[in-house]
Amino acid sequence: MIKNLLVPLDGTELSERAMRESIALARQLGAAITGFVAEPELPLPDMGTNMERYKRERDAHEVETDTQAHALLVQFGELAQQAGVPFTARHQMTDRVEAAIVELAEQLEDGLIVMITHGRGPFAGLLFGSHTRNVMALTKVPLLVLH
């Protein structure tokens, strides 16, 4: 029995659809939702980079990504609350987005990962986006892919 849905969001136009579809599924299953935003960190500086400038850019990047993730997760939480679905928000800065999704999914009891994809890309990516395809390769947790 599925008790928890892990729904990674990336802030694209598909995020709203992922929210709606996962809330509907959670209501049918009587499950809770964990909304998750994993954002990449600013790349490390190159040799010769002005470190003061890099630190300002890194700080600005962290503030911007935190603000965007918070807004997205608040929106998701409000929609879930309106539907009567228990909701938890998680945000993480990481260079290993897919691994972060899989690690969190493995922590959830009786979980299901719900991802949405454009279905664009080269031959191997015709059905699934690169993040979705990589999560599929890494996880043992059930994965529902919405297109």
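Expressed as a whole percent, the proportion of Cα-Cα pairs in the chain lying more than 19 Å apart is 55%.
Proximity of backbone amide H atoms, modeled 1.01 Å from N, is registered between Leu6 and Thr34, Leu112, Ile113, Val114 at under 5 Å, excluding neighbours fewer than 5 places apart on the same chain.
Highest GNM mean-square fluctuation among Leu14, Leu72, Leu44, for the chain modelled with Cα contacts below 10 Å: Leu44.
Considering Cα pairs under 8 angstrom that are at least six residues apart, work out the relative contact order of the range 4-146 and quote it in whole percent.
Here the relative contact order equals 30 percent.
Simple spin-label estimate for His131 and Leu144 gives 1.9 nm between the two label positions (7 Å along the Cα-to-Cβ direction from each Cα). On the basis of the beta-carbon distance and an R0 of 22 Å, Arg90 and Asp110 show a calculated FRET efficiency of 0.80. Summing Lys and Arg as +1 and Asp and Glu as -1 over all other residues whose Cβ lies under 14 Å from the Cβ of Val141 gives a net charge of -3.
Rounded to whole numbers, the Karplus 3J(HN,Hα) couplings from phi for the range 40-53 are x, 6, 5, x, 5, x, 7, 4, x, 6, 5, 5, 5, 5 Hz, using 6.51 cos²θ - 1.76 cosθ + 1.60 with θ = phi - 60°, and x at Gly and Pro.
Relative to the longest principal axis of the Cα atoms of the chain, helix 14-29 runs at roughly 30 degrees. Using a simple spin-label model with pseudo-atoms 7 Å out from Cα toward Cβ, Glu13 and Met51 lie 4.4 nm apart.
Every read-out reported here was derived from the displayed coordinates using simple, explicitly stated rules and does not represent laboratory data. Fair warning: this is a prediction, and the values are worked out from it, not measured in the lab. Note that we place each Cβ from the backbone using ideal geometry, even for glycine, and neighbour counts take in every protein chain shown.
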